[in-house]
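> One structure, pasted below without further comment.
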Amino acid sequence: MMTVIIEIHYTADSRGFRRGAFQFRGQKIEYVALQFWKHINKELSYRAELEKVIVEGDQDITQLVKNLEQQELYDSMNDNLPF
């Protein structure tokens, strides 16, 4: 089991960031980061925009998280089609 520090920078009504330590077992780090991002979004009163995702202080995985978020959105939209 590995523990990593994930830092998420975002813009809502102002700029902010959150940092957390996460343990993951066999999951991709971008999936763990996306779950953290979703949690942050639920807590905010304003719609937030993801700016940057940093792992362990120096590894930028922003694009991986954004791609995964887009893929989940695309998949959920197609799941609701009647055909």
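The values are calculated or read from the model by the stated rules, or taken from the named source; none is laboratory data. Computed from a prediction, not measured in an experiment: that's the story for all the values here. Using ideal geometry, Cβ is built from the backbone for each residue, glycine included, and neighbour counts are taken over all protein chains shown. These area figures cover heavy atoms from the full protein model, side chains too; ligands, DNA and RNA do not enter into them. Shrake-Rupley method; radii C 1.70, N 1.55, O 1.52, S 1.80 Å.
> Looking for whichever is open to solvent by 100 Å² or more (accessible area, probe 1.4 Å), within 15 Å of I8 (Cβ to Cβ), modelled with pLDDT of 95 or more and not hydroxyl-bearing (S, T, Y) here; the options are Q63, Q59. Which one fits? Even if it seems obvious, please write down each step before you answer.
On the way: Q59 fails: open to solvent by 100 Å² or more (accessible area, probe 1.4 Å).
On inspection, the qualifying residue turns out to be Q63.
> Something else: May I ask you to list pairs of residues, at least six apart or on different chains, whose Cβ atoms are under 9 Å apart, with the first in segment 57-79 being closer than 18 Å to F22 by Cβ and the second being aromatic (F, W, Y)?
These pairs meet every condition: V65/Y31; V65/W37; L68/Y31; E69/W37.
> Taking segment 66-83 as the search range and keeping residues that are at pLDDT below 95, surrounded by fewer than 16 Cβ atoms within 10 Å (Cβ to Cβ) and charged (D, E, K, R), which one is farthest from E7 (Cα to Cα)?
Among those residues, the one meeting the criterion is D79.
Here's the yes/no breakdown for (1) free of Cβ contacts under 8 Å to residues at least 60 places away in the same chain; (2) assigned to a loop (DSSP other than H, G, I, E, B); (3) among the small types (G, A, S); (4) surrounded by 15 or more Cβ atoms within 10 Å (Cβ to Cβ):
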{"position": "I8", "(1), (2), (3), (4)": "yes, no, no, yes"}
{"position": "G16", "(1), (2), (3), (4)": "yes, no, yes, no"}
{"position": "W37", "(1), (2), (3), (4)": "yes, no, no, yes"}
{"position": "K42", "(1), (2), (3), (4)": "yes, no, no, no"}
{"position": "E51", "(1), (2), (3), (4)": "yes, no, no, no"}
